[in-house]
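**Q** The structure follows.
The values are calculated or read from the model by the stated rules, or taken from the named source; none is laboratory data. Keep in mind that what you see is a predicted model, and the values were worked out from it rather than measured. Don't worry about glycine lacking a Cβ; one is built from the backbone with ideal geometry, like all the others, and counts go over all protein chains shown. Note: areas computed on protein heavy atoms with side chains; ligands, DNA, RNA excluded. Shrake-Rupley method; radii C 1.70, N 1.55, O 1.52, S 1.80 Å.
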Amino acid sequence: MTKRGGRGSGLGTTTSLEAAITAAAALLVRARDVTLLAHINPDADSLGSALALGIALRRRGATVRVSFASPARVPETLGPLDVLGLVVGPDQVPAAPEVLVLCDAAEPSRLGALANRLDCAEASLMIDHHTTNPGFGGVQVLDPDAEATVVLVHRVLVAMGEPIDADIARCLYAGLVTDTRGFRTAGEAAHRIAADLLAAGVEAEAVARPIMDTHPYGWLATLGEVLQRVELEPEAGDGLGLVHASVPLEDVSRFRPEEVDSIVDVLRTVAEAEVAAVLKQVAQRRWVTSLRSKGRVDVAKVASLLGGGGHRAAAGFTHDGTKGEVLAALRSALRALDAVERPA
């Protein structure tokens with residue numbers, strides 16, 4: 001197999017999305033050994049994308065492994081998607097994969113300790129929908145207008161001529177329902193895909209409830225404590241408002257990511273704030289911050305100024321320092337950003 005693995009190499013010059021999807025399908029159809037990587041702290045869109053492709057490829061007879069750099073285990077709510085046992089630890093990822101597929105990673109650094117596999121792979125395929133993605137990989141299926149990476153994976157599977165059975169459909173549906181916030185941000189095409197997935201055998205409630213609407217009883221008291229610390233800054237964001245909360249390391253360590261990551265969806269409901277932020281302490285001086293916007297502030301641009309990325313309405317960044325220093329950096333980015341759109 002010809003070496004085509006590095007960033008911007010090989011088929012990375014493909015400019016048409018349709019041509020890229022065709023190239024991706026051709027690469028996967030002839031692949032015999034495929035490694036699919038989700039980003040660190042994988043969500044339903046990233047891991048669902050990798051598993052959907054992985055299931056299809058395994059059933060074609062390929063050797064398949066799905067992995068991510070961290071954490072050590074699959075998120076509890078996503079475990080049921082791995083019906084064929086495709087997920088392996090990062091130590092089982094080949095140093096030089098034959099075919100490497102990168103799912104929902106906005107940039108190589110989102111692959112964590114496995115990012116070095118990109119330059120060593122014989123062939124690579126990146127599938128993503130983040131607006132801040134700079135473009136990397138041999139074949140690049142990148143569409144910032146897609147509601148979720150699983151939308152693009154669905155198109156690749158169709159181009160491959162792969163039947164979408166119930167197992168694959170559940171993986172795709174999990175990514176679609178979560179990345180569109182229960183279809184609130186889904187367009188017509190995404191709803192049509194969802195209808196096809198339901199017809200393939202997806203039980204919508206059984207997929208969505210464990211991921212989006214199920215938390216342990218003990219979480220409620222902690223959530224109440226977090227919400228008591230919520231602060232509103234009406235003047236931030238050029239007067240559109242910022243609401244923020246923080247989660248200390250003790251609570252981040254004690255609960256699942258499913259619990260901690262759900263806080264920002266509570267904060268985003270505050271009527272007086274355009275931007276919501278949740279600061280999650282992951283080390284003594286390191287904070288992972290989730291940002292949400294109602295649409296008038298491009299939080300992907302805010303996050304990009306702070307070394308992160310994402311989408312216009314949902315983004316994030318990692319910053320070292322005290323909580324006060326992280327908030328100061330966020331306020332500064334909001335002031336510096338020319339991303340506030342006011343009606344004419």
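**Q** I want to check the label-to-label distance for residue 205 and residue 265. Put each point 7 Å from Cα in the C-beta direction and report it in nm to one decimal.
**A** The two pseudo-label positions are separated by 1.7 nm.
**Q** With a 1.4 Å probe and all protein chains left in place, how much accessible area per residue does the stretch 262-342 have, in Å²?
**A** 44 Å²
**Q** Which one of 219, 148, 120 is farthest out on the positive end of the charge dipole of the stretch 117-226, using unit charges on Cβ (Lys, Arg +1; Asp, Glu -1) and the Cα centre as origin?
**A** 219
**Q** Hey, another quick one. Considering the options 289, 264, 277, tell which one lies farthest towards the positive end of the dipole of the stretch 221-290, charges being +1 on Lys and Arg and -1 on Asp and Glu at the Cβ, about the Cα centre.
**A** 289
**Q** How far apart, in nm, are two points set 7 Å out from the Cα along the Cα-to-Cβ line at residue 119 and at residue 305?
**A** Using points 7 Å along Cα→Cβ, the separation is 3.2 nm.
**Q** Which percent of Cα-Cα pairs in the chain sits in each 10 Å bin, short to long?
**A** Result, from short to long distances: 6, 26, 34, 24, 10, 1 percent.
**Q** Please compute the length gained on full extension between residue 109 and residue 284, using 0.36 nm multiplied by the number of residues separating them and subtracting their Cα-Cα distance.
**A** 60.9 nm
**Q** Report for the chain the percent antiparallel among DSSP-assigned beta bridges with both residues inside it, nearest 5.
**A** In the chain, approximately 45 percent of DSSP beta bridges are antiparallel ones.
**Q** For the stretch 229-344, give the share of DSSP beta bridges that are antiparallel, in percent and rounded to the nearest 5; count only bridges with both residues there.
**A** Once the DSSP bridges in the stretch 229-344 are tallied, antiparallel ones form about 75 percent.
**Q** To continue, here is another question. Does the stretch 83-177 classify as rounded, prolate or oblate by the C-alpha gyration tensor (a ≥ b ≥ c root eigenvalues; a/c under 1.5 gives rounded; else a/b over b/c gives prolate, otherwise oblate)?
**A** In terms of gyration-tensor shape, oblate.
**Q** Of all the Cα-Cα pairs you can form in the stretch 118-163, what percent are over 13 Å apart?
**A** 58 percent
**Q** Testing the spin-label approximation: label points 7 Å from Cα along Cα→Cβ at residue 196 and residue 158. State their distance in nm.
**A** 0.4 nm
**Q** Still on this structure: Looking at the chain, how many pairs of lysines come closer than 27 Å at the Cα, when each pair is eight or more places apart or spans two chains?
**A** Lysine pairs, 8 or more places apart or on different chains, close enough: 5.
**Q** Okay, next question. Considering every Cα-Cα pair within the stretch 180-290, what fraction, in whole percent, is farther apart than 18 Å?
**A** The proportion of pairs with Cα distances above 18 Å equals 60 percent.
**Q** First compute the accessible area of the stretch 80-211 with a 1.4 Å probe, then give the percent of it belonging to carbon and sulfur atoms.
**A** Of all accessible area on the stretch 80-211, carbon and sulfur atoms account for 50 percent.
**Q** Could you state the number of Å between the C-alpha centres of the stretch 57-118 and the stretch 221-252?
**A** Each part reduced to its Cα centre gives a spacing of 34 Å.
**Q** Can you give the extra length, in nm with one decimal, that the chain gains between residue 232 and residue 16 once fully stretched, where that is 0.36 nm per residue apart less the Cα-Cα distance?
**A** 73.4 nm
**Q** What dipole magnitude, in Debye to the nearest 20, does the chain give about its Cα centre under +1 on Lys/Arg Cβ and -1 on Asp/Glu Cβ?
**A** I would put it at about 640 debye.
**Q** Taking the Cα centre as origin and putting +1 on Lys and Arg beta-carbons and -1 on Asp and Glu beta-carbons, what dipole magnitude results for the stretch 93-224, to the nearest 20 debye?
**A** 300 debye
**Q** Which shape class, rounded, prolate or oblate, goes with the stretch 20-128 when its Cα gyration tensor gives a ≥ b ≥ c as root eigenvalues, a/c under 1.5 marks rounded, and past that a/b bigger than b/c marks prolate?
**A** Here the stretch 20-128 falls in the rounded category.
**Q** Could you provide, to the nearest whole Å², the per residue accessible area of the stretch 67-174 with probe 1.4 Å?
**A** The answer is 35 Å² per residue.
**Q** With a 1.4 Å probe and every protein chain kept in, tell me what percent of the accessible surface of the stretch 212-344 is carbon plus sulfur.
**A** The nonpolar share, carbon plus sulfur, comes to 53 percent.
**Q** Let me ask you something else. Of all DSSP beta bridges located in the stretch 149-293, what percent are antiparallel, nearest 5?
**A** Antiparallel bridges make up about 65 percent of those DSSP assigns within the stretch 149-293.
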